[in-house]
Amino acid sequence: MLSLYDSVGWDGYTSDVDRLCRGLVNSHLVITARDAAGMLLGLARTVSDDEHICYVQDVVVNPAHHRQGVGRALVEHLMQRYAHCRFFLLSTDHESSAEGKRNHAFYRSLGFLSYEEKNMAGFGLPRNRQDRLDRGTERH
């Protein structure tokens, strides 16, 4: 798992292996995609009450296996598994970034709409120093 997260440069996950493992264990569901030899190609995980909401926490595919249907298969499995939930949500990078542009195209190809297109809004609390600085809320 660590190698998979490392392959996409998700340092926030790989810098603390114990925390990554706890996050995976505490997920509602973790599914993986593997090749015939059992090598891990991708992973997706959810946080959910399995009634009203499913939040797709991670969809990670080793870049060597991008554009081969791995991510699509993972997300489609989750969409089917949680079809009974009122909300099926995820967050991704802003479309202005290179990764965000690819991610937006990918999720749109699966039928996802932005929160704005669904007349919804998403909010988050700043958790790191740069977020607080960007908002001008740094306290001394």
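The values are calculated or read from the model by the stated rules, or taken from the named source; none is laboratory data. Quantities reported herein were computed from a predicted structural model and do not represent experimental measurements. Every residue, glycine among them, receives a Cβ derived from its backbone with ideal geometry; neighbour counts consider all protein chains shown. Protein only, heavy atoms only, side chains kept; ligands, DNA and RNA dropped before computing areas. Shrake-Rupley method; radii C 1.70, N 1.55, O 1.52, S 1.80 Å.
Relative to the current alpha-carbon distance between Q68 and R127, full extension at 0.36 nm per residue lengthens the span by 17.8 nm. Largest accessible area first, the listed residues F112, F87 line up as F87, F112 when surface is computed with a 1.4 Å probe on the assembled protein chains. What distance in nm separates the simple spin-label points at F87 and Y115, each placed 7 Å from Cα in the Cβ direction? Label-label distance for F87 and Y115, simple model: 0.9 nm. Backbone N atoms of segment 111-126 closer than 17 Å to the 7 Å Cα→Cβ label point of I53 belong to residues 115-116, 118-126. The separation of segment 42-56 from segment 106-129, counted between C-alpha centres, amounts to 15 Å. Looking at segment 15-140 alone, DSSP beta bridges between its own residues are antiparallel in about 75 percent of cases.
Here the chain exposes an accessible surface that is 50 percent carbon and sulfur, computed with a 1.4 Å probe and the other protein chains kept in place. The residues of the chain present an accessible area of 69 Å² per residue when probed at 1.4 Å with all protein chains retained.
Relative contact order, whole percent, for the chain stands at 15, derived from Cα pairs under 8 Å and 6 or more residues apart. Considering only Q68, Q57, G124, and ranking their Cα positions along the charge dipole of segment 31-138 that arises from unit charges at the beta-carbon of Lys, Arg, Asp and Glu, the one farthest toward the positive end is Q68.
Can you give me the relative contact order of segment 1-68 as a percent, contacts being Cα pairs under 8 Å and 6 or more apart?
About 28 percent, as a whole number.
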